[in-house]
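The values are calculated or read from the model by the stated rules, or taken from the named source; none is laboratory data. Predicted model, so just to flag it, every value in this text is computed and none were measured. Glycine also receives a Cβ, built like all others from the backbone with ideal geometry; neighbour counts cover every protein chain displayed. Each accessible area value is taken on the protein alone, full model and side chains, heavy atoms only, with ligands, DNA and RNA left out. Shrake-Rupley method; radii C 1.70, N 1.55, O 1.52, S 1.80 Å.
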Amino acid sequence: MKSKKMFVILLTSVMALSMVGCGQQGAHSSKSSDPSPNATNDVKTVTVLTFTEWYKDGWKALESYVNENSQELGFKLDIQKIAGGSQGEDVVKARFATGDLPDIIQTYGAKWIDTQVNALDKIVDMGSLSSESEYDAATLEEGGYRYDGKLYGMPIDTTNLLGVFYNKKVFEEAGITEIPTNWEQFLAASEKIKTIKKIPLYYSGKDAWTLQSFTHFGFNKEVFESGKSYSQFWGEMNTNKRNYAENKHFADAIAKSKEMIDKGYVNETYLSDTYDMAQTALAQGDAGMYVNATWVIDEISSKYPDAVQDIGAFALPLYDESENFTDSSLPASLHITTSAKDVDTAKKVIDFISSTKGQQIYADAQTGIYINKNVKVNLSPGHQDLLNLMKEGKSIALWQGTGNNYGYGSYDKFLQDYYVGSKTVDQVLQAMDEETTRNATAAQDPNWK
């Protein structure tokens, strides 16, 4: 396969995560950058802002631990949550613009803050933290953490891989004995599931951000067919040498996502059904498949722990087997804002959260692929299936946030418009180009003159 190695460059350092899948559930490591001030020290409250969708069992466990041990640690947490998706991103951008910021904020990373919020000046350079030694240096240089040579953030949560999550019992009942590896086989599997009166593929359009997941796989082929590396491809996109309207494979993936609707392979009420409903349908066997990232397994593990072993995963087979890749995205990033009341205490908070001890507390409550080298977890079958693809070199960085420098508008809403007939595929891509042009022009990028 020509250029296969260009897919391997992404997260090469994360390949060391193979140790994660085979590790045992670890006790909290004694090797930690845990700050331990005397109990007589003042306990300071540090505010943290995150998206509701990111506040999962790991965060809950970590928050509980910190607040129960606040006298020893010297700080406690006040975690504030807002809804995610494009609407939540707009709220974050507005708060940066007005200066209405918490002490610590969780985002997609420093590059996102720089290129899409234009607010890097409101993020504190942390210099260095003792917990950095527990991470591969190259991974921290991916743009979410160290950026332009400065440490603007540290990882929180897991590396996420995108795929089709399927209920093995539903596949067995439908007589599907092999995982589909191309589009025709995927349609055939969907038809078999429909025959047994189950939902072949669940769409959760009420939470519009989830609709994008299916279409991301089209960008993988776009990069592959270009003959360029990932960075070269996006270098052209980010300098107005290539635009969304030219990306025919991406357009094809969008069209195929609607083909599933037109063939009756998705739930009839997909525009009013939610992400939470999708988890229930998949876990309880009312749906055969659901396209999302490995965080959906985190959610199911919490709500339906007995169902997790029955859920596997594979890359969405839009094309021939050799051209189907999982998408990967590094963990979200914790940043200190210039509004922080006490920067030194905020640094201690992030250093503790990023440490082996902090991350193991998080991991003990929420399984997943962690990039702290000392964290041990047992992976679910769904996690392991997609991690195996990554190890085989069949992964590519998720284009959103990692690839694009400029915002492209509310893509999730554009998809909704397409599904109900108020936009065509071409108009979806045109709208993305128009928004990109507007944002690049506002940033006074000379490539858009």
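Is there a residue being over 26 Å from residue 438 (Cα atoms), without any contact (Cβ under 8 Å) to a residue 60 or more places away in the chain and in contact with a Phe, Trp or Tyr (Cβ under 6 Å, 6 or more places away or on another chain) anywhere in segment 88-95? Looking for residues that are over 26 Å from residue 438 (Cα atoms), without any contact (Cβ under 8 Å) to a residue 60 or more places away in the chain and in contact with a Phe, Trp or Tyr (Cβ under 6 Å, 6 or more places away or on another chain), one finds none in segment 88-95, hence no.
Each row is one residue, and each column tells you yes or no for (1) in contact with a Pro (Cβ under 6 Å, 6 or more places away or on another chain); (2) basic (Lys, Arg); (3) assigned to a loop (DSSP other than H, G, I, E, B); (4) over 19 Å from residue 392 (Cβ atoms).
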| residue | (1), (2), (3), (4) |
| --- | --- |
| 270 | no, no, yes, yes |
| 278 | no, no, no, yes |
| 289 | no, no, no, yes |
| 308 | no, no, no, yes |
| 316 | no, no, yes, no |
| 319 | no, no, yes, no |
| 322 | no, no, no, no |
| 327 | no, no, no, no |
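The residue list 81, 44 contains one member that is closer than 19 Å to residue 339 by Cβ, in contact with a Gly (Cβ under 8 Å, 6 or more places away or on another chain) and open to solvent by 40 Å² or more (accessible area, probe 1.4 Å), which is 44. Remark: residue 282 matches the filter, which requires a residue to be open to solvent by less than 10 Å² (accessible area, probe 1.4 Å), in a helix (DSSP H, G or I) and not hydroxyl-bearing (Ser, Thr, Tyr).
Got a sec? Which helices (runs of 4 or more DSSP H) wholly within segment 335-449 have at least 3 residues that are surrounded by fewer than 18 Cβ atoms within 10 Å (Cβ to Cβ) and not assigned by the TED database to the domain that holds residue 294?
Numbers: elements: 343-354, 356-365, 381-391, 399-402, 411-419, 425-442.
The qualifying helices (runs of 4 or more DSSP H) are 381-391.
Looking only at residues in segment 124-151 that are modelled with pLDDT of 95 or more and open to solvent by 60 Å² or more (accessible area, probe 1.4 Å), the one that is nearest to the chain's Cα centre (by Cα) is 125.
Here is a check on your reading of the model: is residue 221 buried (at least 20 other Cβ atoms within 10 Å of the Cβ) and modelled with pLDDT under 95? Quick ask: steps written out before the conclusion?
Numbers: buried (at least 20 other Cβ atoms within 10 Å of the Cβ): yes; modelled with pLDDT under 95: yes.
Yes; evaluated as a whole, the condition is true for this residue.
Taking (1) in a loop (DSSP other than H, G, I, E, B); (2) modelled with pLDDT of 95 or more in turn, residue 257 satisfies each apart from (1). Select from segment 87-115 the residues that are within 16 Å of the chain's Cα centre (by Cα) and open to solvent by 20 Å² or more (accessible area, probe 1.4 Å) and write down the one among them that is modelled with the lowest pLDDT. Only one residue fits best here, namely 111.
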